[in-house]
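> Mind having a look at this structure? Questions to follow.
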Amino acid sequence: MNYFAPNVASPLATDIPGLTGGLVFVGVNGHNRHQYDYDKNNIAPRIGFAYTPRTSTVVHGGVAVVYGPSTQQAAGTVGPYGWRVQTNWVNTLDNITPYQCPTTGTCLGGNLDNPFPQGFTTPPAAAQGLYTGAGSLLEGVLQKDPTPYVFQWGLDIQEQLPFNMTADVAYAGNRGRQMIQSGEGGMDLDQLPAQYLSMGSALNAQVSNPFYGDSHVTGTLSAPTISKEQLLVKYPQWLQMWPLRAPGGDSAYDGLQLTLNKRLASGVQIQGSYVWAKVFDNNTTHQDTFNPMEDYAISSIDIHQRFVVSYIYQLPLGRGRPLGGNMPKWEDTVIGGWQINGITTLQGGQPLKVSGSNTLSTFNFQYLLANTNFQNPSYSGAVKNRLTKYFNTADFSQPAAFTLGVGPAYNNHLRSPGLDSTDFSLFKEFHIVERLQAQFRAEAFNVFNHPQFSSPNTTVTSSSFGQITGQANSPRQVQFGLKLLF
């Protein structure tokens, strides 16, 4: 196993003084045999209470600290280097001119008919030590990887009502800490620090390569020249540096939850719930790797309001029911024993991210947000009447060259179309003999055929920016079935 050590002195410091960072293999060359620092303070207290001020009312409450999966479980994480490597094909240095292999040193370039003239890279195990992966992409876990945890609390009041009904009013909240804010490829520790963007096109200038001639360095970094930008990143000995897990994410949830439940009695059952809530987090990928909290905003999974009601109604007509309980069997076969069922869901849309064209991807920025004037861009009215312009696109623009976007990661006032859906079924029971019944089912999904339109295009430079061109749900579907009960 191995881990990325950001502050260890790199042996390539002879090429660039002060250079740090390297892949450390546990139990090798005197290194500790543990892949992660111990996280010993994962105490998870919980406390709750129940109080009955009167026979029809119950109050519940509680607080807890809950921990997520730990990296320190038995499996660990090996990472790609030492036992798995990749052979990179270098096709260009400047995204324009085909790469020419140097006359000396290693070369991972080549033509399309022979892209790897020197063969594939052999897994080195731990032999290369801190030189591992020099000149290519490096992936590794971070030794300091605390266990993610959540503070949870809640209070609810439940009331017994007449007609076999109960009502519940609850508040639930939580705060996530040290959440996994990025997986493999979501953050790049070799991103160009944003303060250097002001240098503009000078970042692309070819300069003398201090790694040239070093046999430990391969690929683009073995050429006589490299871009100035490459020497300004924190770990210039690699093209990219991906942490396999990146802790440090924050999240917050607060919600009001209302529930009304009528137990099945007299052939009627109803259960309805309404949630009014908000979720915030700092996203799982970042416009600027080194400023992840700049992306703290309304969460991509936030649904501000959601209402769901399910219902069953056994029609009172038929043998054994309040009306027509003694009707002839042939008559019961036609009009008796019917049951109506349904589930209706109404919910708002999810926040949208408005992005620009990522002109900074060559500097390892993961994406680029659009600029905004911070006005409310949403339009009112039926979605079907604004498919060609779902929101005010004039509120957004592409950032200028060598600048980051100033918009939020997700826009609380700009949301995808909501959901309005009802699934409906009709059952009919037939009493064939005493111990054998047949049930006929007619079921319709999205019975009212309400379209749920897909999210609009949110790339500011796209020709279809702000347009909705698809449907997110299916049209009405009807199916029939026959079920035997014995």
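> In the stretch 332-380, what count of residues is obtained for those that are under 30 Å from Tyr311 (Cα atoms) and without any contact (Cβ under 8 Å) to a residue 24 or more places away in the chain?
3
> For the stretch 150-163, check the following and say yes or no: at least one residue is touching a residue at least 40 places away in the same chain (Cβ under 8 Å), within 30 Å of Ala223 (Cβ to Cβ) and not β-branched (Val, Ile, Thr).
Looking for residues that are touching a residue at least 40 places away in the same chain (Cβ under 8 Å), within 30 Å of Ala223 (Cβ to Cβ) and not β-branched (Val, Ile, Thr), one finds none in the stretch 150-163, hence no.
> Would you confirm whether any residue within the stretch 69-76 is open to solvent by less than 30 Å² (accessible area, probe 1.4 Å) and either more than 30 Å from Pro162 (Cβ to Cβ) or at pLDDT 80 or above (or both)?
yes
> Also: Would the stretch 463-478 turn up any residue that is surrounded by fewer than 17 Cβ atoms within 10 Å (Cβ to Cβ), of a type outside the set (S, T, N, Q), touching a residue at least 12 places away in the same chain (Cβ under 8 Å) and not in a loop (DSSP other than H, G, I, E, B)?
Yes: the stretch 463-478 contains one or more residues that are surrounded by fewer than 17 Cβ atoms within 10 Å (Cβ to Cβ), of a type outside the set (S, T, N, Q), touching a residue at least 12 places away in the same chain (Cβ under 8 Å) and not in a loop (DSSP other than H, G, I, E, B).
> Same structure, new question: Just checking, how many residues over the stretch 12-54 are without any contact (Cβ under 8 Å) to a residue 12 or more places away in the chain and closer than 30 Å to Tyr171 by Cα? Before you say what the answer is, go through the steps one by one.
So in the stretch 12-54, the residues without any contact (Cβ under 8 Å) to a residue 12 or more places away in the chain come out as 13-14, 17-18, 27, 30-34, 40-41, 50-54.
Those still in the list that are closer than 30 Å to Tyr171 by Cα too: 41, 50-54.
Matching residues across the stretch 12-54 total 6.
> Quick test of your reading of the structure: Asp295 fulfils all but one of (1) among the charged types (D, E, K, R); (2) touching a helix residue (DSSP H, G or I) at 6+ places or on another chain (Cβ under 9 Å); (3) open to solvent by less than 40 Å² (accessible area, probe 1.4 Å). Name the failing condition by number.
(2)
> Another question about this same structure. Filtering the stretch 298-307 down to residues that are of a type in the set (A, V, I, L, M) and buried (at least 17 other Cβ atoms within 10 Å of the Cβ), which residue is farthest from Asp420 (Cα to Cα)?
Among those that are of a type in the set (A, V, I, L, M) and buried (at least 17 other Cβ atoms within 10 Å of the Cβ), it is Ile298.
> Give just the number: which of (1) in a strand (DSSP E or B); (2) on the phi > 0 side of the Ramachandran plot does Phe374 not satisfy?
(1)
> Only one of (1) on the phi < 0 side of the Ramachandran plot; (2) assigned to a helix (DSSP H, G or I); (3) modelled with pLDDT of 95 or more is not met by Tyr274, so which one is it?
(2)
> Does Lys329 satisfy being in contact (Cβ under 8 Å) with a residue 60 or more places away in the chain and under 23 Å from Ser463 (Cα atoms)?
Answer is no for this residue.
> Here is a follow-up. Is it the case that Lys262 is touching a His at 6+ places or on another chain (Cβ under 7 Å) and part of a strand (DSSP E or B)? Walk me through how you get there before you give the answer.
Numbers: touching a His at 6+ places or on another chain (Cβ under 7 Å): no; part of a strand (DSSP E or B): yes.
Taking the combined requirement at face value, the residue does not satisfy it.
> Let me ask something else. Determine if the stretch 43-55 includes at least one residue that is out of contact with any helix residue (DSSP H, G or I) (no Cβ under 8 Å at 6 or more places or on another chain) and crowded, with 16+ Cβ neighbours inside 10 Å.
No, the stretch 43-55 has no match at all.
> Which one of these does Thr225 not meet: (1) touching a strand residue (DSSP E or B) at 6+ places or on another chain (Cβ under 6 Å); (2) of a type in the set (Val, Ile, Thr); (3) closer than 27 Å to Met187 by Cα; (4) open to solvent by less than 50 Å² (accessible area, probe 1.4 Å)?
(4)
> Which ones in the stretch 381-399 are touching a residue at least 40 places away in the same chain (Cβ under 8 Å) and part of a helix (DSSP H, G or I)?
Of everything in the stretch 381-399, those that are touching a residue at least 40 places away in the same chain (Cβ under 8 Å) and part of a helix (DSSP H, G or I) turn out to be Val383, Lys384, Thr393.
Residue by residue, here is whether (1) open to solvent by 30 Å² or more (accessible area, probe 1.4 Å); (2) β-branched (Val, Ile, Thr); (3) at positive phi holds:
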residue	(1), (2), (3)
Val309	no, yes, no
Leu317	yes, no, no
Gly336	no, no, no
Gly349	no, no, no
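> Filter the stretch 415-453 for residues that are open to solvent by less than 30 Å² (accessible area, probe 1.4 Å) and assigned to a loop (DSSP other than H, G, I, E, B) and give the result.
Result: Ser416, Pro417, Asn446.
> Starting from residues that are surrounded by 15 or more Cβ atoms within 10 Å (Cβ to Cβ) and in contact with a Phe, Trp or Tyr (Cβ under 6 Å, 6 or more places away or on another chain), keep the ones in the stretch 230-257 and report whichever is nearest to Asp281 (Cα to Cα).
Ala252
> Sort out which residues of the stretch 137-176 are at pLDDT 95 or above, charged (D, E, K, R) and over 17 Å from Gly48 (Cα atoms), and write them in order of number.
Glu159, Asp168, Arg175
The values are calculated or read from the model by the stated rules, or taken from the named source; none is laboratory data. Here the structure is a predicted model, which means the values were calculated and not measured. Ideal geometry is used to build each Cβ from the backbone, glycine not excepted, and the neighbour counts take in all protein chains shown. Remember, those area values only see protein heavy atoms, side chains included, never the ligands or the DNA or RNA. Shrake-Rupley method; radii C 1.70, N 1.55, O 1.52, S 1.80 Å.
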